[in-house]
Amino acid sequence: MKYDFDQICDRKNTNCVKWDLAEKIFGRQEVIPMWIADMDFPVAQPIVEALKQRVEHPFYGYTHPGQKPVEAVVERMWGKYGWKIDPEWVVFTPGVIPALNSAVRSLTHPGDQIILQPPVYHPFFPIVTGSGCQIVNNTLKLSNDEYNMDFDDLESKFTVHRGLPGSGNRIKAVILCNPHNPVGRLWTLQELEKLGEIIIRNGAIVISDEIHCELLFKGRKHTPFAAISKEFEQNCIVCMAPSKTFSLAGLEISNIIIPNPKLREAFNNARSGIMPGPNLFGYIALEAAYRQGDEWLEQVLEYLQGNLDYLLDYFRQKIRRIRVIEPQGTYLVWLDFRALGLGDQALKSFLTEKAGIGLDEGTRFGEGGNGFMRMNIACPLPLLKEALNRLETAVNDF
Ligand SMILES: Cc1ncc(COP(=O)(O)O)c(C=O)c1O
């Protein structure tokens, strides 16, 4: 089936966060919402059909996942990455954020420390502090329009914190984001190996948020952290989901893969009685997505590539003052507005009031986010064109 992603669909009045809350968030009705990470494309038809079929059976009581969604995850890991996982390793949760919360709580006691790599997905910060832990920043380095991990700084964080009187080694984990939101980096095998070696040598665990792992631009390849070696597999918690890939966030299902039985047990204890399982429609959608969604996904990825190419060309030709960090994965583009010399509040007002576009503020992503904005380009090309046009006019008038 050929999908038409050029069609601008009306998502207003559907309790859609991206569109229905845009006025509240940006203070202006006419803003084009290009913020929260979901797609303005209707989902794959096989998912719709599978949900319809289940809705027709009017019993929606307590539900367990059964074997089918587990098998779908096992097959997907093998098919996509050649990563052979045991069905027992798969834990379903209603989202990656609650899973990250449980992961942190299962690995730490209040007062412990967790490493984050800002600028990074902003809910990571309250996940750490809300668990009574401290954030240790291992800030990414930007050079030649590309972000890299700072391994010297990472090593030093362990040394410094180990050296604190009475503290022992209080760094219990790093939350890795791969592909990285918002900077769009897809970490290479070598980078992941280096990170893993440092973290594991220091007795910590890698919590690897790989929710964007199937959203890759041409020629890019994702490596699940745990698939690198048996040692890595035993020292990590991998968070994946069909929600970003297939635009199913409202159905609230994620597949968390925890090969180490002790870590899995601790994770399950931390969530027990607090976090429910996903709802029954989540399981149906996950299975349909992983088993029958690839025709749609191929077309979406091609479309996103087209949007990215259009955007890169547009900035190169017409909005030269704004630097674009070209993403390797995700559909999020990290834009450097520092050349305009605006403070963060003034930049926000400039974009909403002068340009009429709603982007995510860089400051929310922590250290290194000042002067930046994140733009979601998973929308019909005509809408993206309109947004870039507005931005060009505003920047030229500035
Ligand atoms: C890196 C990352 N992790 C987690 C999430 C949210 O996950 P969930 O909606 O499953 O809680 C997002 C959503 O944008 C994300 O970008």
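With the Cα gyration tensor of the stretch 60-292 in hand, convert its eigenvalues to equivalent ellipsoid semi-axes via √(5λ) and list them largest first in whole Å.
Numbers: eigenvalues 161, 87, 49 Å².
So the three semi-axes of the stretch 60-292 are 28, 21, 16 Å.
Checking the cross-link filter: which lysines have an alpha carbon closer than 16 Å to that of K12, excluding same-chain neighbours under 8 positions apart?
K24
To the nearest Å, what is the center-to-center distance of the stretch 361-381 and the stretch 1-80, using C-alpha atoms only?
22
Would you please state which residues of the stretch 171-199 a label at M275 would reach in this model, taking the label point 7 Å out along Cα→Cβ and a backbone N cut-off of under 18 Å?
Of the residues in the stretch 171-199, 172-178 have backbone N under 18 Å from the label point off M275.
Using the Kirkwood radius over C-alpha pairs as Rh, can you work out the diffusion coefficient of the stretch 56-151 via Stokes-Einstein at 20 °C, viscosity 1.002 mPa s, in µm² per second? All intermediate terms of the calculation are to be shown ahead of the outcome.
Numbers: Rh = 16.8 Å.
D = 128 µm²/s.
If one computes the Cα centroid of the stretch 248-272 and of the stretch 279-337, what distance in Å separates the two points?
About 27 Å separates the Cα centre of the stretch 248-272 from the one of the stretch 279-337.
Search the structure for amide H atoms under 5 Å from the amide H of Q134, placed 1.01 Å from N in the peptide plane, and list their residues when 5 or more places away or on another chain.
G111, D112, Q113, I114
Identify which of T363, T245, T330 has the largest mean-square fluctuation in a Gaussian network model of the chain, with springs joining Cα atoms closer than 10 Å.
Of T363, T245, T330, the most mobile in the Gaussian network model is T363.
Given 0.36 nm per residue, what is the gain on full extension from H109 to K84 after removing their alpha carbon distance, in nm? Can you show the working numbers first?
Numbers: separation 25, 0.36 × 25 = 9.00 nm, distance 3.24 nm.
Working it through step by step, the gained length comes to 5.8 nm.
Which of the trypsin sites (Lys or Arg not before Pro) found in the stretch 181-231 are in a DSSP loop and have at most 16 neighbouring Cβ atoms, other than their own, within 10 Å? Each step should come with its number before you reach the end.
Numbers: sites: R185, K194, R201, K218, R220, K221, K230; in loops: R185, K218, R220, K221.
Sparse-neighbourhood loop trypsin sites (Lys or Arg not before Pro): K218, R220, K221.
Among the GluC sites (Glu not before Pro) in the stretch 331-370, which ones are in a DSSP loop with at most 13 other Cβ atoms within 10 Å of the Cβ? Mind listing them? The partial results should precede the final answer.
Working: sites: E353, E361, E367; in loops: E367.
Those that pass, being in a loop and sparsely packed, number zero.
Let me know the shape class of the chain, please: from the alpha-carbon gyration tensor, a ≥ b ≥ c as square roots of the eigenvalues, rounded when a/c is under 1.5, otherwise prolate if a/b is greater than b/c, or oblate. Present the calculation step by step, with values, prior to reporting the outcome.
Details: a/c = 1.71, a/b = 1.12, b/c = 1.53.
The shape class here is oblate.
Beyond 27 Å between alpha-carbons counts as too far, so tell me which of K141/K194; K2/K354; K218/K318; K52/K218; K84/K221; K157/K221 fall in that bin.
Working: K141/K194 16 Å; K2/K354 37 Å; K218/K318 24 Å; K52/K218 34 Å; K84/K221 17 Å; K157/K221 30 Å.
Flagged as over cut-off: K2/K354; K52/K218; K157/K221.
Only the coordinates and a few stated rules stand behind these numbers; no lab work does. These figures come from a predicted structure and were not determined experimentally. Reconstructed Cβ throughout: ideal geometry from the backbone, glycine too, with neighbour counts over all protein chains shown.
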